[in-house]
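The block underneath contains the structure these notes are about, expressed in structure tokens.
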Amino acid sequence: MLTTGIKGRQEIMVSAANSAKTLGSGTLDVFGTPGMIALMEATSLKSVEPYLEEGTGTVGTSIQVTHDAATPFGMKVWCESELVEIDRRRLVFEVTAYDEKGRIGGGRHERFIVDNEKFQEKANRKAD
């Protein structure tokens, strides 16, 4: 059952693939803000997946975060999420990112529960 208090945790290594330079958000070889945001979304998504009805999923609809500290290549980063609010199909998460030296960012992320097939069909109609 989907309830507030559900927590998630995902970790990755910082590399050229998720650097600010590669992701186009900067010119330096450090963990890029788009990479941090993707990690926050993935952590939130994966934390609630086991509690969703078959055929449903979640899509990100809003994220308000700060990226407060740089992380170099080769360092582990992780995100912790907690589901703090449920408003029908709207889910609100508190998200915090860390590296091996401490907190590097955090904020709030919202996701919306959707019927996967209907959502994909609607998106595909845009291409017609």
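The values are calculated or read from the model by the stated rules, or taken from the named source; none is laboratory data. Predicted model, so just to flag it, every value in this text is computed and none were measured. Every residue, glycine as well, gets a Cβ built from its backbone with ideal geometry; the counts of neighbours run over all protein chains shown. Please note that ligands, DNA and RNA were not included when accessible areas were found on the heavy atoms of the full protein model with its side chains. Shrake-Rupley method; radii C 1.70, N 1.55, O 1.52, S 1.80 Å.
Observations
- Sorting 22-32, 48-58 by their mean Cβ neighbour count within 10 Å, with the most densely packed peptide first, gives 22-32, 48-58.
- Protein accessible area in the chain, 1.4 Å probe - carbon and sulfur %: 50
- Residue-averaged [θ]222 nm for the chain, counting only DSSP H segments that reach four residues, each worth -39500 (n - 2.57): -7000 deg cm²/dmol
- Residues in the stretch 31-128 average 57 Å² of solvent-accessible surface per residue, probe 1.4 Å, ligands and nucleic acids excluded.
- Proximal lysines to Lys126, defined as alpha-carbon separation beneath 30 angstrom and excluding residues fewer than eight positions away on the same chain: Lys46, Lys118
- Near Glu11, once Lys and Arg are set to +1 and Asp and Glu to -1 for all other residues with Cβ below 15 Å from its Cβ, the sum equals +2.
- Between the stretch 90-128 and the stretch 8-68, the alpha-carbon center distance in angstrom: 9
- Stokes-Einstein, applied to the Kirkwood radius of the chain over Cα pairs at a viscosity of 0.692 mPa s and 37 °C, places its translational diffusion at 213 µm² s⁻¹.
- Of the GluC sites (Glu not before Pro) in the stretch 74-128, those whose Cβ has at most 13 other Cβ within 10 Å and which sit in DSSP loop: Glu100
- Every Cα-Cα pair of the stretch 59-124 was included, and the share exceeding 17 Å stands at 52 percent.
- Within the same chain, aspartates and glutamates fewer than 8 places from Lys7 are excluded, and of the rest, those with a Cα less than 14 Å from its Cα are Glu41, Glu49, Glu80, Glu82, Glu85, Glu94.
- Counting only heavy atoms of the protein chains and using a 1.4 Å probe, Thr61 has close to 80 Å² of accessible surface.
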